[in-house]
Amino acid sequence: MAYILGLVVVGLFFLSLHYFTELNHKQKIITSGIVLAIILSAIAFNTYSDAQRDNMMAVVTKFNQGKTVDCEGVDVNSSLYDLSTGTYTFIGRENTPNYGQMFSVSSCK
């Protein structure tokens, strides 16, 4: 649905360029190219953010299931680390050799 709305907005943009501006053809092409680059950048950023979020949720799910997660070459599991859901960080538990170690979930596999 969002893509349809985006196409409508782009269509209205081009209509306004055609009817309500005194730009010459070259300036309209440059303006359209800039707007297109901004839109494509936003789509690429959203795709990247979705992939990062999906990866983080997969790591958190794996951790919550009691499985071992690899974070920067260190094995992270629920017996040695706690998950801080506010910051999505694995924090080493007290009275373990990993006490004080912290890993961001985004750096884990």
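Overview of results
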quantity: Rounded FRET efficiency, nearest 0.05, which uses the C-beta distance separating Arg53 from Leu15 and R0 of 41 Å; calculated: 0.70
quantity: Cα-based convex hull volume of region 70-109 per residue, rounded to whole Å³; calculated: 61
quantity: Isotropic mean projected area of the C-alpha convex hull, region 27-67 (nm²); calculated: 2.3
quantity: DSSP-assigned coil residues among chymotrypsin sites (Phe, Trp or Tyr not before Pro) in region 1-75, each with at most 15 further Cβ atoms within 10 Å; calculated: Phe20
quantity: Surrounding net charge for Thr68, when Lys and Arg each add one and Asp and Glu each subtract one, Cβ distance under 13 Å; calculated: +1
quantity: Amide H contacts under 5 Å for Asn98, placed H, 5+ residues apart; calculated: none
quantity: Residue-wise HN-Hα coupling along region 67-73, computed from phi with Karplus coefficients 6.51, -1.76, 1.60 (Hz; x: Gly, Pro); calculated: 8, 8, 10, 9, 10, 6, x
quantity: C-alpha long axis of helix 25-64 to longest principal axis of the chain, angle in °; calculated: 20
quantity: 0 to 90° range, to nearest 10: angle between helix 2-19 axis and the chain longest Cα axis; calculated: 30
quantity: Where Rh is the Kirkwood radius over Cα pairs, Rg/Rh for region 40-99; calculated: 1.11
quantity: Relative contact order of the chain, pairs being alpha-carbon contacts under 8 Å that are 6 or more residues apart, as %; calculated: 17
quantity: Overall dimensions of the chain by Cα: Rg and Dmax, Å; calculated: 23.4, 72
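Laboratory data are not the source of any read-out in this text; all were calculated from the coordinates shown. Computed from a predicted model, the values in this text were never measured in an experiment. All Cβ positions, glycine included, derive from the backbone under ideal geometry; neighbour counts span all protein chains shown.
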